[in-house]
Every structure is written in structure tokens, then in C-alpha cells.
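*Asks:* Structure provided below as C-alpha cells; questions to follow.
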């Protein structure tokens, strides 16, 4: 692949970076203060003002590939733009490119009926409402989606939903008007990947109970939030089913591929900003008679940070290229690789930045603690490291098949076969 960004990407990247410099970085503290001083579960006015500015400049819905509703960018073209946004935890929403809305909009675009798109996708793309995605459950290992226990039962012209979800990101937001819920419609199906379905639940809605808020390392991420949600005999029309019964796992795979790469793109931007903060701090501070940046231990960490960030970026661009050229399903291994590598990289770089700041690093003054909490969360969200590593290993081993060469150890030495009285004793190798 060509790692050089095309002219359209360069132009948009410059526009996003300029917007960040002019509007986002100078206003981060003010937005956080507005959330703290007012009703934490209402949108910050300044945040909404910046969204209107971004929309007016055409920096809006940049994420949606293969659709006339978005900017028409490929994953590879979107990658550097998403990275720029990831430098601030507040920025993705400003450009209407934040999770879980991006994933939900992609689901509605790919799998939604025309009426779903009119009722929910249209206002989501306009930034008029927000959404949530209910998949993770407290009682089972949700890293295996076939474990999900929430039931979706057909009753005439309605489906009845019963279950319990948590860390349902976005469900506390007062603008949240639609939730995509994953549950089982056919729990006894011998094909474990045909038991699940996904269905649309409007909010607020009878029987949907937001029980409590779950912070992430103490951060409540207001007004977004990650609550526990109870579904108590929730009835929705049959027409709210996405794609059809038993297609939930298929939808999840289609949704999580783009969601995973978006997380990784944003984390690269977060790691870049942490490295910048680290270097500036080290150059300002003195210890033992010289600038801390002159200490070789910190020079090693700076160098290692640059190496790891660039490795992660190249791996992510390769995954984006594969998604664009062969499709999300064929790029499964590459997506899994970045989902392991990038959050781990970000955790380490941000951790070094925290160390460079000393006591200030663990405070809320510089945003590093929140950056770290987010990076650490992404090692679990959309599939934990262990699941992705297992999948990568299976895909890697599958490439070797079960032929004679594999059983003998590939290119290893193979003893000669007996061919008669004049045995050939010269070692031979197979390839």
C-alpha cells in the first residue's frame, strides 16, 4: 500500500487540526467546568456551540465509508482525521464522530430498514439525538457474545425483551433516543451464532429502567455515562428487529470491525498528545542539577514512545487499507492485531507521561489520568486482548492447514525414506 495520504485527506486533516487548535484545545477546561458547575447530565453549552461550528465548516460525519450520507471517505482516508480527534476526549463528539453513535449509525446504514433510517439515522447524522448500544452483561463473560442471556421473545406483532445490561455507554445522555439491544431470540438453536438478534428500542420507553451509573476508574463521563439498564417486559414492534431473527452475531461482527479501528485511531492521537505533554514537562523540570529531559532513562522512554506510536499507526493504516480493499471480514486478523497492539501501546506511553508529571500526573489537572482510564478501558471494550489474541492465533494456524508438511514441521529436516538396498543417506529438506 501507499502510505502517502491523498490530497483530499491532507486537506481535511489540516482543517481538523486547525479546528482543534482554534476551538477545542483552548476550550477543554471551560467545557469540563461547565459540566462540573451545572447539571452533570445535561450537555455543556460550549460543547454544543463547537459542534455547530464544526458542522458549519463541513467537518461533520467524516467517519461513514461507502455511503452518500457521510463524507465518502475510505477507512484509510479517515484514519488521520480520527487520530487528530483522538487527541482530546471531548473532540470526537464535536465532529459527530464519537462512539457509540458512529457504530450505531453504521449499523442503521448497513442493516436498517428505510423507516429505521428515516426515524433514527437521519437525526443521528444531523446531531439532533444520540444513541447507545446494549450488549455487555454482568452475569456472563460477554467477551463471548454467544453467552448473552437477555431474551427477545416474539408475541404477536411485538417482541418482548427481558434482561440486564451494564456499561451501556450513552444511555444516560438526555439526548439518547434510540438503543440497539442484543439478545437471544432462539437460545436452543444448535448453531450458537444464530441464536442472537439485535433490535431497536426507543428511549425513553416503558420497561427500560436505567438502574445506576458505573464509573470507569472513577470517571463518570457525564453527560454520556455507562449505566446499568434493566429490561422488564419491554415491548417493541416486530418491525424494530434489525435484518431478521438470528442475524445479531452477524450484525455485531459488522459493527465491531469499524468500531475497533476507530478506537485505535483515536488512541494513537491520545498517545501522541501524551508524548507531547511528556516532553514539554521534562524540558521544564530540573532534577539533580540538570533538565529531566537530559536523563538517559527519559530519553530512552521518549525514543521508545516514538517507536511504539509509529508502529501502531502503520499497523492501523494497514488494517484500514485491508478493510477498504478486501472487506471487514477478510481483514479480521489485521483488526484484531491493532485492537491488541494499540491500546497496550497507549497505556504504556500515557503511563510514562504520568510518571514524568509525578504527582500532577495522577491528578485531574492535566488530563493524563482520564486519558489512561480511557486507554485501559479499550483493552476490554469491543473484545478483550485475550479474545483477539486467540482469534489471531487461530487465523494464523489456519493458514498452515493440516497437510503432510505441517505435520512434519514445515521446513524442518525430514529423514530419507528407505528406497531399497542402496539407501540414500543424504539428508534432504522440504519446502
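*Asks:* Which pairs turn up if I take residues in region 380-408 that are farther than 30 Å from residue 137 by Cβ and look for partners that are part of a helix (DSSP H, G or I) and at pLDDT below 95 with beta carbon separation below 8 Å, at least 6 apart in sequence or on another chain?
*Replies:* If the second residue must be part of a helix (DSSP H, G or I) and at pLDDT below 95, the pairs left are 400/406.
*Asks:* Taking region 323-362 only, how many residues are at negative phi and outside any helix (DSSP H, G or I)? Steps first, please.
*Replies:* To start, the set of residues in region 323-362 that are at negative phi comprises 323-326, 328-357, 359-362.
Filter again for outside any helix (DSSP H, G or I), leaving 328-331.
Qualifying residue count for the region: 4.
*Asks:* Please state which one of 424, 411 is touching a strand residue (DSSP E or B) at 6+ places or on another chain (Cβ under 7 Å) and either assigned to a loop (DSSP other than H, G, I, E, B) or at pLDDT below 90 (or both). Break it down stepwise before answering.
*Replies:* Numbers: 424 fails: touching a strand residue (DSSP E or B) at 6+ places or on another chain (Cβ under 7 Å).
Just a single option satisfies the conditions, and that option is 411.
*Asks:* Got a number for residues in region 260-296 being closer than 30 Å to residue 85 by Cβ, touching a strand residue (DSSP E or B) at 6+ places or on another chain (Cβ under 9 Å) and crowded, with 16+ Cβ neighbours inside 10 Å?
*Replies:* Counting residues in region 260-296 that are closer than 30 Å to residue 85 by Cβ, touching a strand residue (DSSP E or B) at 6+ places or on another chain (Cβ under 9 Å) and crowded, with 16+ Cβ neighbours inside 10 Å gives 1.
*Asks:* Select, from 254, 269, the only residue that is more than 14 Å from residue 134 (Cα to Cα), assigned to a helix (DSSP H, G or I) and modelled with pLDDT under 95. Can you show your working first?
*Replies:* On the way: 269 fails: modelled with pLDDT under 95.
Residue meeting the stated conditions: 254.
*Asks:* Of the conditions (1) more than 26 Å from residue 379 (Cα to Cα); (2) part of a helix (DSSP H, G or I); (3) touching a helix residue (DSSP H, G or I) at 6+ places or on another chain (Cβ under 7 Å), residue 320 fails just one. Which one is it?
*Replies:* Failing condition for residue 320: (1).
The values are calculated or read from the model by the stated rules, or taken from the named source; none is laboratory data. What you see is a predicted model; the values in this text were computed from it and never measured. Note that each Cβ is placed from the backbone with ideal geometry, even for glycine, and that neighbours are counted across all protein chains shown.
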